[in-house]
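K.L.:
Just dropping this structure here.
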Amino acid sequence: MRGGQVQVAWSEFISAFRNIVRQYRRSLFGISAVAFGVIALLLAAGFVEWIFWASREGTIQAGLGHIHVMRSGYLEDGQADPNRFLMLDNSAQLSAIEALPAVRTVAPRIAFTGLISRGETTLSFMGEGVNPEKERVVSPTLLISAGQNLTPEDTRGILLGRGLAENLGAQVGDQVVLLANTPAGGLAAVEVKVRGLFNTVSKAYDDSALRVPLPIAQKLLRAQGIHRSILVLDDTAKTSEVLTVLRSRFGDPNLAFVPWYDLADFYNKMVLLLSKQVMVVELIIAAVIVLGISNTMTMNVLERTAEIGTCLAIGRRRRQILRQFLYEGLTIGLIGGTLGVALGWLLATLISKVGIPMPPPPGMSQGYTGAIMLTSRLTAEAFVLALVTTLLASVYPAWRASRMEIVDALRHQR
């Protein structure tokens, strides 16, 4: 029985395809509407997908990393009492984590605040103690605008944010003094040398930030330990997988594993905003396809009224007429969707090779080149959208054709 039903459905589909070929001029209009809609959706969504990828990787490579290892509660209460959340930077747990196959490095960090002084000028700062060698893996996109980056050999050199250096009147090679509170409540100071200046996309951060080698920070704070370790993976897509392994294998209630997407608030809000915009584009394209296909199918039904009446008169059932026009609409969507996907991929490849000039982001002086990133998910969504919209657009014309009165249909245009 099923084989017979499949054979009948296939024969009806072939008949619908022949009708489309017979009415090729009108069918081409519907196919073109579907194809252009799919192309527009692929190019728009592909560009947004590239923005997501570039923003994600840029955020991670700017120093956020993939996973942060820290004491439980540090994010909530760490600023009020940072000394309570110190942990060893050479523990067996961190060594075992760094040995995991997907982990490239585990970089220690300690955060602190204090005062920086040069001559008669004293300003407040937000500092980070880092491992210079591992930090190159965590922050490969850090822009050193003057001087040089930190190195393990130079234990007295520090990096200043461009804005902080300008406000302080400091240049590369100048001696400055850092002051910070110790856990005992005293005040400690250390004299260091400005090795380089760095820029980020946030001017507010550059106006108060500095980086020092980890030993200097620990000496200044009179503290042994770090506040967090940052894991850098060989692939961002493995973040959830590695996070599951860490939480199952190193399930310490005093230890927290926080993925990058829980810390990237701006990225998450940007994704939410642009995703809604893409959804609006999809709705607009769907509406255009529905209107175009509905108009094509309606005119098709009107032109074939006498033919429909003849089919009903010789014994064809109304549901067969209904299926015939539904198959025709579905076939238009299938052809238009396939054509749109093929041309969309071709255009996306060509545009990506040429590049899309992008203006420099806030705080930066150089622009960059964008691209269109198509994924299998985007392609499938565009193709399914073409099929669903054409099928929906065919429902009313098909129903109208199946409800015709035989006598009135036969008398049409006579």
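K.L.:
Take the range 366-383 and flag every residue that is touching a residue at least 40 places away in the same chain (Cβ under 8 Å) and in a helix (DSSP H, G or I).
P.N.:
378, 379, 381, 382, 383
K.L.:
Which of the following residues is part of a strand (DSSP E or B), at pLDDT 90 or above and surrounded by fewer than 16 Cβ atoms within 10 Å (Cβ to Cβ): 190, 177, 194? So that I can check it myself, show each step before the final result.
P.N.:
On the way: 190 fails: surrounded by fewer than 16 Cβ atoms within 10 Å (Cβ to Cβ); 194 fails: surrounded by fewer than 16 Cβ atoms within 10 Å (Cβ to Cβ).
Selected residue: 177, the only one of 190, 177, 194 that is part of a strand (DSSP E or B), at pLDDT 90 or above and surrounded by fewer than 16 Cβ atoms within 10 Å (Cβ to Cβ).
K.L.:
What single numbered condition from (1) part of a helix (DSSP H, G or I); (2) buried (at least 16 other Cβ atoms within 10 Å of the Cβ); (3) modelled with pLDDT under 85 fails to hold for residue 404?
P.N.:
Of the numbered conditions (1) part of a helix (DSSP H, G or I); (2) buried (at least 16 other Cβ atoms within 10 Å of the Cβ); (3) modelled with pLDDT under 85, the odd one out for residue 404 is (1).
K.L.:
Going by the structure shown, is residue 51 among the aliphatic types (A, V, I, L, M), closer than 30 Å to residue 380 by Cβ, in contact (Cβ under 8 Å) with a residue 40 or more places away in the chain and touching a Ser or Thr at 6+ places or on another chain (Cβ under 9 Å)?
P.N.:
Against the criterion (among the aliphatic types (A, V, I, L, M), closer than 30 Å to residue 380 by Cβ, in contact (Cβ under 8 Å) with a residue 40 or more places away in the chain and touching a Ser or Thr at 6+ places or on another chain (Cβ under 9 Å)), residue 51 does not qualify.
K.L.:
Could you tell me whether residue 64 is touching a strand residue (DSSP E or B) at 6+ places or on another chain (Cβ under 9 Å), touching a residue at least 40 places away in the same chain (Cβ under 8 Å) and buried (at least 18 other Cβ atoms within 10 Å of the Cβ)?
P.N.:
Yes; evaluated as a whole, the condition is true for this residue.
K.L.:
Out of (1) closer than 24 Å to residue 263 by Cβ; (2) outside any strand (DSSP E or B), the odd one out for residue 229 is which?
P.N.:
(2)
K.L.:
Can you tell me which residue is farthest from the chain's Cα centre (by Cα) among those in the range 203-234 that are buried (at least 23 other Cβ atoms within 10 Å of the Cβ) and among the small types (Gly, Ala, Ser)?
P.N.:
217
K.L.:
Report, by residue number, each residue of the range 54-94 that is of a type outside the set (Gly, Ala, Ser), assigned to a loop (DSSP other than H, G, I, E, B) and not assigned by TED's automatic domain parsing to the domain that holds residue 108. Don't jump to the end; show me each part of the working.
P.N.:
Within the range 54-94, the first condition is being of a type outside the set (Gly, Ala, Ser), and the residues that meet it are 56-57, 59-61, 64, 66-71, 74-77, 79, 81-90, 93-94.
Narrowing the set further to residues that are assigned to a loop (DSSP other than H, G, I, E, B) leaves 66, 79, 81, 86, 88-90.
Correct list: 66 only.
K.L.:
Hey, does the range 249-265 have a residue that's part of a helix (DSSP H, G or I), more than 20 Å from the chain's Cα centre (by Cα) and within 30 Å of residue 95 (Cβ to Cβ)? Working first, answer last.
P.N.:
Looking only at the range 249-265, we keep the residues that are part of a helix (DSSP H, G or I), and these are 249, 260-262, 265.
Going one step further and asking which of them are more than 20 Å from the chain's Cα centre (by Cα), we end up with 249.
Checking the rest, the ones that are also within 30 Å of residue 95 (Cβ to Cβ) come to 249.
Scanning the range 249-265 turns up at least one residue that is part of a helix (DSSP H, G or I), more than 20 Å from the chain's Cα centre (by Cα) and within 30 Å of residue 95 (Cβ to Cβ).
K.L.:
Right, next: Please determine, by comparing only the residues of the range 99-136 that are touching a residue at least 12 places away in the same chain (Cβ under 8 Å) and of a type in the set (Asp, Glu), which one is surrounded by the most Cβ atoms within 10 Å (Cβ to Cβ).
P.N.:
135
K.L.:
Please indicate, with yes or no, whether at least one residue in the range 144-160 is at positive phi and surrounded by 14 or more Cβ atoms within 10 Å (Cβ to Cβ). Break it down into steps so the answer makes sense when it comes.
P.N.:
Of all residues in the range 144-160, those at positive phi come to 147.
Next, only the ones that are surrounded by 14 or more Cβ atoms within 10 Å (Cβ to Cβ) stay: 147.
Among the residues of the range 144-160, at least one is at positive phi and surrounded by 14 or more Cβ atoms within 10 Å (Cβ to Cβ), which makes the answer yes.
K.L.:
Return the pair list, or none, for Cβ contacts closer than 7 Å from residues in the range 269-285 that are under 17 Å from residue 55 (Cα atoms) to residues that are surrounded by 13 or more Cβ atoms within 10 Å (Cβ to Cβ) and among the hydroxyl-bearing types (Ser, Thr, Tyr), at least 6 apart or on different chains.
P.N.:
From the range 269-285, the pairs are 270/55.
K.L.:
Let me ask you something else. For residue 294, which of the numbered conditions (1) over 25 Å from residue 38 (Cβ atoms); (2) surrounded by 13 or more Cβ atoms within 10 Å (Cβ to Cβ); (3) more than 29 Å from the chain's Cα centre (by Cα) fails to hold?
P.N.:
The one condition residue 294 does not meet is (1).
The values are calculated or read from the model by the stated rules, or taken from the named source; none is laboratory data. All of these numbers come straight from a predicted model, not from anything done at the bench. Don't worry about glycine lacking a Cβ; one is built from the backbone with ideal geometry, like all the others, and counts go over all protein chains shown.
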